[in-house]
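Following: one structure in structure tokens, then a few remarks.
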Amino acid sequence: MGGLDGFAITFLNGKVMAEWLPKIVEGFALTVALAALIVVAGLALGLGLAVLRAFGLRVLNWAIIFFVDLFRALPPLVIIVLLYFGLPGMGISLSGFWATWLSLTLVLAAFSEEIFWAGITATPRGQWDAGKALGLRFLPILFRIVLPQAVRMVVPPLTNRTIAITKGTALASVVGVAEILGAAQSAMAFSGNPSPLTLGAIAYALLFLPVVGAGRWIERRVAIPGR
Amino acid sequence: MLEDFVDSFLNLDIVLRAMPILWRGLVQTLLLAAIVVPLGLAHGMAIALLSRARSRWVRWPLAVWTDTFRALPPLVLLIFLYAGLPFLGVDLGPWGAVALAFFLNTGSYYGEVLRAGLDSVPPGQMEAARALGLRPSLALWLVVIPQAVRNVLPDLVSNTLEVVKLTSIASVVALPELLFQARQAQSVTYNASPIVAAALAYFIILWPVVRLLSRLENRAVASGRG
């Protein structure tokens, strides 16, 4: 058996792959669901916090800055493990899926708050003044003039960060979720062959290569020309 | 309720008992970071320099190489190297698998950042250095790269922060770093306080970096580079 044949039988074993493909597909669906829930909740919370920060209430802003710093400094896996193994001690039991969801949502919220806030502060002062001159109040200026510009300005860093954090869904395998990596690992254990892991890697490539491409496309579409 | 909370998350007794192994874990985490950050930077610099090649025979394989490692979650790459390669008779062990996974994954990200840095240095700098009689390699190291690094410093620091945080995934392949030791202590004591202590250690070490980044990023936004 040549080296290349050995490699193919080990990592691209058709029989093993066919047998475990359904499990990997299920894992794929779970990864997509988890990622979608994280993106929606994380970005909404991040935007909400950035809007709250725009009110300029000192104590509230300190709390927001501390929240952001905390979840930017802690490794996501540490947060997941803490919620998953820690909360049952308080009588609250989160499944691995929801522990991962909550952890990565908080992380994405922290990063996206910082990014949204950078966009809000980068919107020229004159936009606020012009809004006031038109007789608009604080909230209409914020929501109808400043935010639309701020959000477009920060789309590139926001997409990059969102993609990076959704890749963290693979961490859910550590707390027993049968998403792509979890499914591939248990399939590898059952079959005694690493081909399911190859399938898993292909599944991630199928999932994230288009996402990366779509990110580039969104950047081009939404970006304000000349910036 | 509060008592429950203190008992299960802030149990000083248990943290003190776990202190020696947590400390060993922290030392391993710092050692790990000291190994994988230079590895990633070296790979990233190689990618950034190669990506300036004009030949498509260099650029295309390079793009496939970096995009592959950016599309794969780092934990997937790590498990592949740690649990997959032994089937081929190649057993890297935890340290080898972690080092190689970080070299491949974080190198791709550093490569992107450093490439942007190199692109930001006007070609006139290279030409001027050459006109002064510097060899190309010397001109690159003494003139172009220092400016490139300075121009993308916030992104480099930000990436390095992510790399240090990412070392926690080494716990999954039983490398005895901070999170691994905290989980060992937690599973022996059935108490989450060691994990809280580990989280606190990460926070104490990395918070100054986060603060610094926040300031660097705000300055970038203020100067219109955001």
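Using a Förster distance of 41 Å, how high is the FRET efficiency between A:Ala18 and B:Thr68, based on the Cβ-Cβ distance and rounded to 0.05?
Given R0 = 41 Å and the Cβ-Cβ separation, E is 0.95.
So which residue, out of A:Ala133, A:Ala170, A:Ala36, gets the largest mean-square fluctuation from a GNM of chain A using Cα contacts under 10 Å as springs?
Comparing A:Ala133, A:Ala170, A:Ala36 in a Gaussian network model of chain A, the most mobile one is A:Ala133.
Expressed as an acute angle from 0 to 90° and rounded to the nearest 10, what is the orientation of the C-alpha long axis of helix A:180-191 relative to the principal long axis of chain A?
Once rounded, one gets 10 degrees.
If you count, for every residue in B:195-202, the Cβ atoms of partner chains within 10 Å of its Cβ, what is the mean?
Across the residues of B:195-202, the mean count of other-chain Cβ atoms within 10 Å is 4.
Tell me, what ³J(HN,Hα) does each residue in the stretch B:76-82 have, in order and in whole Hz, if you take phi through Karplus 6.51 cos²θ - 1.76 cosθ + 1.60 with θ = phi - 60° and put x for Gly and Pro?
5, 4, 4, 5, 4, 5, 7
Could you work out [θ]222 nm for the protein assembly as shown from helices alone, using -39500 (n - 2.57) per DSSP H run of at least four and dividing by all its residues? Round to the nearest 500 deg cm²/dmol.
-25500 deg cm²/dmol
When the Karplus curve 6.51 cos²θ - 1.76 cosθ + 1.60 is applied with θ = phi - 60°, which whole-Hz ³J(HN,Hα) does each residue of the stretch B:91-101 get, with x for Gly and Pro?
In residue order, the calculated couplings are 10, 7, x, x, 5, x, 5, 5, 4, 5, 4 Hz.
When chain A is modelled as a GNM with alpha-carbon springs shorter than 10 Å, which of A:Ile24, A:Ile141, A:Ile120 fluctuates the most?
A:Ile141
Around A:Trp117, what is the net charge, scoring Lys/Arg as +1 and Asp/Glu as -1 over all other residues with Cβ under 12 Å from its Cβ?
Around A:Trp117, the charge tally is -2.
When you look at the Cβ of every residue in A:108-118, what mean number of other chain Cβ atoms sits within 10 Å?
Counting other chains' Cβ atoms within 10 Å and averaging over A:108-118 gives 2.
Starting with the fewest neighbours, write out A:Trp62, A:Trp117 ranked by other beta-carbon atoms found within 10 Å of each beta-carbon.
A:Trp62, A:Trp117
For the stretch B:154-226, run through the trypsin sites (Lys or Arg not before Pro) and keep only the ones in DSSP coil with at most 15 other Cβ atoms within 10 Å of their Cβ.
Here the trypsin sites (Lys or Arg not before Pro) that fit, given the DSSP loop and packing criteria, are B:Arg225.
Within 10 Å of each residue's Cβ, count the other Cβ atoms and sort A:Trp217, B:Trp65, B:Trp57 from fewest upward.
Ascending Cβ contact count within 10 Å gives the list B:Trp57, A:Trp217, B:Trp65.
Between B:Arg54 and A:Phe190, take the C-beta separation as r, use R0 = 56 Å, and let me know the FRET efficiency to the nearest 0.05.
0.70
Counting only other chains, what is the mean number of Cβ atoms within 10 angstrom of the Cβ of each residue in peptide A:167-177?
So the per-residue partner count for this stretch is 4.
Please compute the net charge surrounding A:Gln185, taking Lys and Arg as +1 and Asp and Glu as -1 over other residues with Cβ under 12 Å from its Cβ.
0
What net charge do the residues around B:Leu26 carry, taking every other residue with its C-beta under 15 Å from that of B:Leu26, with Lys and Arg at +1 and Asp and Glu at -1?
After counting each charged neighbour, the total is +2.
With 10 angstrom as the radius, rank A:Glu113, B:Glu162 by how many other C-beta atoms surround their C-beta, starting from the fewest.
B:Glu162, A:Glu113
Modelling each spin label as a point 7 Å along the Cα-to-Cβ direction, I'd like the A:Gln149/B:Trp95 distance in nm, to one decimal.
5.6
Read the figures in this text as sums done on the coordinates, not as results from a lab. As the structure is a computational prediction, the values presented were derived from the model and not from experiment. Backbone-built Cβ (ideal geometry, glycine too); neighbour counts: all protein chains shown.
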